[in-house]
Every structure is written in C-alpha cells, then in structure tokens.
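> If you scroll down you'll find the structure; I have some questions about it.
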Amino acid sequence: MLLRAHDLARSFGARTLFRDVSITVQAGDRIGLVGPNGAGKTTLLRVLSGDEPPDHGRVSVPRDVRVGLLRQEIDPSRAGSVREEVARAFEALDVLEREMRALEAEMERGGREGSEVSASLAERYDRCRLAFEFGGGFEREVRLDRMLEGLGFDAERRDRALATFSGGWLMRVELAKLLLAAPDVLLLDEPTNHLDLPSIQWFEATLADFGGAVVIVSHDRTFLRKHATRVAEVEHGSLTVYEGGYDRYLVLKQERREHLLARQRTQQREIAHTEKFIERFRYKASKSRQVQSRVKALERLERVEVADDHRRSMRLRIPPPTRAGDEVLRLEGIHKRYEDTVVYRGVDLQIRRGERIALVGPNGAGKSTLLRIGAGVLDSDSGVRTPGHNVEIAFYAQHQLEALDPSRSVLEELESEASMNDVPRLRSHLGAFLFSGDDVQKKVSVLSGGEKARLALAKLLLRPTNFLVLDEPTNHLDVSAREVLEDALGDYTGTLLFISHDRTLINALATRIVEVRAGGLRAFHGNYDDYLRALSEPRVNDPESDPGPAPVAVETPTPAAPTPRPVSKVGPVSKVGRVSKVGRVSKGERVAVREEAKQRKRWLSKARKRMTSLEEEIRSREETLAALGWRLGDPELYRDGEAVRGLEAQRGEVRESLDALYRDWERVAAEIESAEQVADLP
C-alpha cells in the first residue's frame, strides 16, 4: 500500500464537494479520476497530496513513500531558466553528490598522510555512492535533456527565462520536474491539456515505464483507454471505484445503475403497499399495533437513491447550412513570417466541400497560423487565399474566451452577436449550452473556464454556417460535453477545418489529416489512427544510402477517399512490390515493379547489416561499462579523488552512448519488421 484515504469529506461553504471517500493506491496502479467539471476532482488530488486538509477523514502514507502532485497554478514570475528550474528536481542527488565529494576529499587527505581508509568511512562512501548511482546521479544531464526534448523544449527554449513562457509551457516545466523527481505516487491533474500530440505520445511512453502508482484526472478518452487500470468517478458528492479500464467502467456504471433502478422500483412497490395498509387501517383499533409497526418500519427504511441520469448536457444540434461550392477554400503559395522566424515559405492547401480536415503537428509548427489564415482573420505575407462560392465561415479560437466582455451577463453577451430575428430564441439557444433559468443572468466575469467555452461556442453556432474553423474546441469541456459536441459535429453537413489534441475527436471526425511540420504540409487520408499507420509504413530509400526512417508517400487528396496505400512509380499496388489485380498490366509495368522489389531487398540487406553492426557496438560498450564498474570497485582508487571523478564521467559517457545505440537498434529493428510485413519478404 502506497497511499490510503479513509472517509474523506470536503466542503466549501454550504456546498459539499464529496463525502465518505475511501480509496487505496497500490504500486503499479493507474487510476483514472473522472467526473463532471466542478465535481471536486482537483480538490481531491490536493487532499491526497497533503496540500489541503480534509474536513473529515484522513490520508495515510507510509514514511518512506513520496507523493508528487502536478499543480495547475504556476507562478509566472519565477526567476531562472527552464534548465535551472527543472534541475531542481535533482536537489536530493545534489546533496548526495556534495557528501560524496566531501568523503572523497577526506579519503584523499588520508592517502596523502599515509593512513589507510577506515572501514566506517569506506562504508559511508559506498552507501552514499550506491544511493547516488541508483538514483541516476551520473546520468542527470542526459535525463534532463531527454525529458525536455520529449516535452518539446528545443536547445534554445531550454536556456530561456521562465518569465518568457506562457502558462502552457510552464505546465510542461512542472511536469518535467515531477517526472524527473520520480515520486512513488504521481497525482496528475490534466497533464495532457497543454501537450501537443507528439508530446502526448512521448508522455504516454514515459508513463508506461514508470514503476510507481499514478492517479490522474483526465478528459482525454484515448489516454484513459490506454492507461487506466481502475477508474474512480467523483459524482454527486461520492466516489465510486470501478475495476478495469475505461471501457469496462462505462459498462459497469450502466450495469450498476440498472441494478439500483431495479432495487428502487422494488422498494417503491413495497413502500406503496405499506402506505396503502397504513391508510386503510389507520383508524381501526384492532389493527393499531400493526399500523404503528409499519409506520416505524418506514421511518427506519434506508431509501434506495438513484441520481438523476439526465444530467444536464449540451443538447447541441448544428442547423443545416446553405450549400457551398465544390471548392470551399484554396491557399496558394502562402508565405508567413514573424520577425526573423519563417513559418511558411510557399505552401498550398485545397479544401473541398464536405471534407473534415484535422491539422496536426508539434506546438510551434504553425498550425494555428495556418488555421487563422484559412479563416481569413490573419493575412499572409504573400500568396493567394481564395474562398469558394457561397462560403460562410465561422471561426472559434481559444482567445475568444478572453474576448468575452466580463461586465456583460451571459444573455447580454449572446445578444451582442444576435440580429433582431434571433432575439426570440436566444434563451432556448443558451439552454442548449447548459445556461438555463437564472444562469443566463450570470456575469461573464464569474464563469468557469468550461462555462466560458460553452458561451463562446453558443455565440459561434447562433446562426448556421457551411465552413467551421475550430481551434481546440474541446478545451475546458468535460467528457460528457465533449461527447455531445463530437456527436453534433459528426452530424454537421458543412465543411470542417480544426485543430485538436483530443485523439478520440479526431478519429471520430477527420476524413483527412494535414501534418504541419518544418514549414511544410503533408496530407494523409483517413483519421488519426490511419495517419499513425501511414507514418509507420516504410518506403524505398536510395539503396546506396544509410537506411533510415522511410517517409510516407502522400497522394493528392480527394474528398472522402479511403486510407492511402503506397504508390508504385508506374501504377497502383495492393502491397509493396505487388501489382493490383484490377486492370491489365503491361510488360514495362511488370519490369518496374520487379525493380522496385529489388530495391526493397537491397534496402533490407543494408538495414540488416546496420543492425548487426549496432549489436557489435552494443556488446563492446557493455564490456567497457563492466570494466569501468570493476575499476570503480577498487578501494585503492579512492585515494585519488580526481581519478574517481574521471572514471565516473567516463562511465556516464559510455552509458549515454549505449542508450543511443539501443535506441538506434530499436528503430532499425522496427523498420525491418515493418518492411518485411509490407513487402512480404523473408
């Protein structure tokens, strides 16, 4: 047991967030903490971490167990660079290193004076050094750089002052510190909110290798499906723990509700029967004892309560728009730069009616810039933007939440976008976005992030448009609101261009993925899973070059086309090197396909040789590492502190190079396996 909560309760004023909450966290647990916005998930994490005291109950943590919390509130005024801030995660190792250096100096002085190293001193040093090595002290810099690289900090960003970063990047700094500190229990509050898709994939791989327990608040359904081994739901003031993954939780929750409803119906029949008996014989003296007995039984009865399943959710239906022309938007030769930073240098993009295009790529690649140019709210430096016939554009961006007037009420904010014809339906329209009754008189200044997001969407969708351009529309929305928005966009009959880090949403909506990277665009048919599969497929490189990752061939996109397959130089192929059976094949085509197969065989041959070479290098480095370990085990060595430090530095370099070789070996092995499957070669 790493952590145990027993009968926790927490209230704010007259509002009870949760009560009677009990949960045990074991080593290896991956607990997804779910529930609607405002249910108390963040507060529960803070209570579990010890940051907040519970009103009732207790949290038990063994003395040697460390608990780490990813906080959402970050101080933007902190001094220092990113690297300096993240290095604070190694404070315990820094203390150990200082102690090691002091012990080495003491042993070195003894050596100069001709005295032997005492057994107690040697034992202290061994304990200190083992703790330092076990904690990864010799690989600190490598681990730090790898962590920052995975979270999207390039070499320039790592040395920049913290004050120059936005809140999303500061959250990445906090996440890096927490992961490097490697506590026994990780408490994470929406860690993927500020990560781009490549960083989310890296974070998932890091989390999979983490040996401790994780309790994570997340609205990312794909993330929960991949990682949660238990789901704890905070709802209606209580916590219910479901064993199994996220999909199993959905099934068990429905089964539990149906069971409670059946018990409630049975109990209500029994209560009605008892009340009928009481009413019938209330004034009959001969039955008075039985009547009183039943009255007392009803008073003692613990009623079966079933929470209203018709939880308020967005009843969102996007009105059918007018029909646009076949071509909705064309961008040609688009150039864009911000001061010295060139974002685009002559890119093209064509969007046809009915397409649903998701822009993906790392943060800073220019996705939002392209989206805003496409929406017509940002001018390019040069190039041509041509909207199609009868196209009406509605644009939703994160900055629109800040653009809401805090002095207005919800209704007044919607009225600012309405025409006279819209006025009679404004209240019903707001009701579809969860603003009903007195909620429409709330000031914008008191709204939560989720409420502001819903209000901004209500303004966007007040009138039908045939081209929706959306930048992270699910941010600040809980799972149930995301699902409703996803269903509404799925039924939308217009054209969609959007950015999202919600992979479930992309998979549900996208018909084409456009990858934005290094100032260029690459198009892939299908949804996000299709895009990932396309990236994993190798292509034929120059047979004389060193085999590396094979870029994916991209065809010219057409609406609603199937997932692309590799394309031969001479015609379509069903598998690499195999001509499709559809249509007749000329002799020239057969020769070209055979040549392509030969090139693939040559590529595989070079890749296998590279793999053998890597294995030999790995074997050599492992032998070197073992030899250094034996040398560092010699007590006489510690008479010379400088020699010890030199060997430790050398050992760290060998380990770093060995890690790099292992990564290269894994990459080449994966490429060979993929190529063998696609090409159907031995």
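> When the Kirkwood hydrodynamic radius is evaluated over all pairs of different C-alpha atoms of the stretch 221-304, what value in angstrom, to one decimal, is obtained? Spell out each step's value before the answer.
Details: mean 1/r = 0.0622 Å⁻¹.
Averaging 1/r across every pair of different Cα atoms and inverting gives 16.1 Å.
> Rg and Dmax in Å for the stretch 487-532, alpha carbons only: what are they?
In Å, with Rg to one decimal and Dmax whole: 11.1, 34.
> Hey, what number do you get for the chain at 222 nm if only DSSP H runs of n ≥ 4 count, each worth -39500 (n - 2.57), divided across all residues, to the nearest 500? All intermediate terms of the calculation are to be shown ahead of the outcome.
Details: 21 runs with 303 residues, N = 682.
My calculation for the chain gives -14500 deg cm²/dmol from helical runs alone.
> Let me ask you something else. Just the C-alpha atoms of the stretch 457-522: what Rg/Rh do they give, with Rh taken as the Kirkwood radius? Walk me through the numbers on the way to the answer.
Details: Rg = 12.6 Å, Rh = 13.0 Å.
Rg/Rh: 0.97.
> Could you calculate the contour length gain from L298 to R463, that is, 0.36 nm times the residue separation minus the distance between their Cα atoms, to one decimal place in nm?
Working: separation 165, 0.36 × 165 = 59.40 nm, distance 5.41 nm.
Full extension of this stretch gives 54.0 nm more.
> Okay, moving on. State the percentage of accessible surface on the stretch 196-258 attributable to carbon and sulfur atoms; use a 1.4 Å probe and exclude ligands, DNA and RNA. Don't skip to the answer; put the middle values down first.
On the way: 1250 of 2490 Å².
That fraction is 50 percent.
> In whole angstrom, how long is each semi-axis of the equivalent ellipsoid of the chain, when you take the square root of 5 times every eigenvalue of its Cα gyration tensor and sort them from largest down?
Semi-axes, largest first: 49, 43, 27 Å.
> Give the peptides 176-184, 97-105 in descending order of average Cβ contacts within 10 Å, highest first. Kindly include the intermediate steps, with their values, before the conclusion.
Details: 176-184: 19.3, 97-105: 16.0.
Most protected by this proxy first, the peptides run 176-184, 97-105.
> For the stretch 108-156, take N as its residue count and report Rg(C-alpha) divided by 2.2 N^0.38 Å. Let's see the in-between values first.
Values: Rg = 18.0 Å, N = 49, 2.2 N^0.38 = 9.7 Å.
Ratio of Cα Rg to 2.2 N^0.38 Å: 1.86.
> On to the next question. R257 to T493: extension gain in nm, 0.36 nm per residue of separation minus the Cα-Cα distance?
Extending this stretch completely gives an extra 81.4 nm.
> Just to confirm my numbers, what's the Cα centroid distance between the stretch 350-392 and the stretch 90-138 in Å?
First find each Cα centre; the distance between them is then 60 Å.
> Also, quick follow-up: Which peptide among 240-248, 438-446, 167-175 comes first, and what is the full order, when sorted by highest mean count of other Cβ atoms within 10 Å?
Numbers: 240-248: 15.8, 438-446: 13.0, 167-175: 19.1.
Listed from highest to lowest mean packing, they are 167-175, 240-248, 438-446.
> Report, as a whole number in µm² per second, the diffusion coefficient that Stokes-Einstein gives for the stretch 336-444 at 20 °C and 1.002 mPa s using the Kirkwood radius over alpha carbon pairs. Intermediate values should be presented prior to the final figure.
Numbers: Rh = 17.2 Å.
Value of D from the Cα-based Kirkwood radius: 124 µm²/s.
> Here's another thing I want to ask about it. Where does the Debye-calculated log10 I(q)/I(0) of the stretch 1-53 sit at q = 0.17, 0.18, 0.21 Å⁻¹, using only Cα point scatterers of equal weight, no solvent?
-0.55, -0.62, -0.83
> With the cut-off at 26 Å, tell me which of the pairs K226/K253; K177/K226; K276/K296; K336/K452; K41/K452 have Cα atoms farther apart than that.
In this structure, K336/K452 exceed 26 Å between Cα atoms.
> Determine one quarter of the surface area of the Cα convex hull of the stretch 262-418, which equals its mean projected area, and express it in nm² to one decimal.
Details: hull surface 76.9 nm².
Averaged projected area of the stretch 262-418's Cα convex hull equals 19.2 nm².
> Take the Cα atoms of the stretch 138-247, find their three principal axes, and give me the spread along each one in whole Å, biggest first.
45, 31, 22
> Just reorder E666, E596 by solvent-accessible area, largest first, 1.4 Å probe, all chains present.
Numbers: E666 110, E596 30 Å².
Result of the area sort, largest leading: E666, E596.
> Using a 7 Å offset from the Cα along the Cα-to-Cβ direction at both E415 and E235, what is the distance between the two label points in nm, to one decimal?
Roughly 3.7 nm, to one decimal.
> Taking only protein heavy atoms into account and a 1.4 Å probe, give the accessible area per residue of the chain in Å². Walk me through the numbers on the way to the answer.
Details: 35070 Å² over 682 residues.
Averaged over the residues of the chain, the accessible area is 51 Å².
> Same structure, new question: Expected output is a single nm value to one decimal: the length gained when fully extending between E392 and A660, i.e. 0.36 nm times separation in residues minus the C-alpha distance. What is it? Could the numbers behind the result be given before it?
On the way: separation 268, 0.36 × 268 = 96.48 nm, distance 5.15 nm.
Length gained between E392 and A660: 91.3 nm.
> What ranking do 29-37, 522-530 get when scored by the average of other Cβ atoms within 10 Å per residue, highest first?
Values: 29-37: 21.7, 522-530: 19.9.
Result, highest mean Cβ count within 10 Å first: 29-37, 522-530.
> Here is a further query. Treating only the Cα positions of the stretch 413-495 as identical point scatterers, give the base-10 log of I(q)/I(0) from the Debye formula at each q in 0.18 Å⁻¹.
These q points yield log10 I(q)/I(0) values of -0.83.
> Can I ask one more? Kirkwood Rh, the stretch 1-137, all Cα pairs: how many Å?
Details: mean 1/r = 0.0520 Å⁻¹.
This gives a value of 19.2 Å.
> Dimensions of the stretch 84-138 along principal axes (Cα, Å, largest first)?
In descending order, the Cα extents are 43, 19, 14 Å.
The values are calculated or read from the model by the stated rules, or taken from the named source; none is laboratory data. Keep in mind that this is a model prediction, so the values were computed, not measured. Here the Cβ is made from the backbone with ideal geometry for all residues, glycine too, and neighbour counts use every protein chain on show. Only protein heavy atoms, including side chains, enter the accessible area calculation; ligands, DNA and RNA are left aside. Shrake-Rupley method; radii C 1.70, N 1.55, O 1.52, S 1.80 Å.
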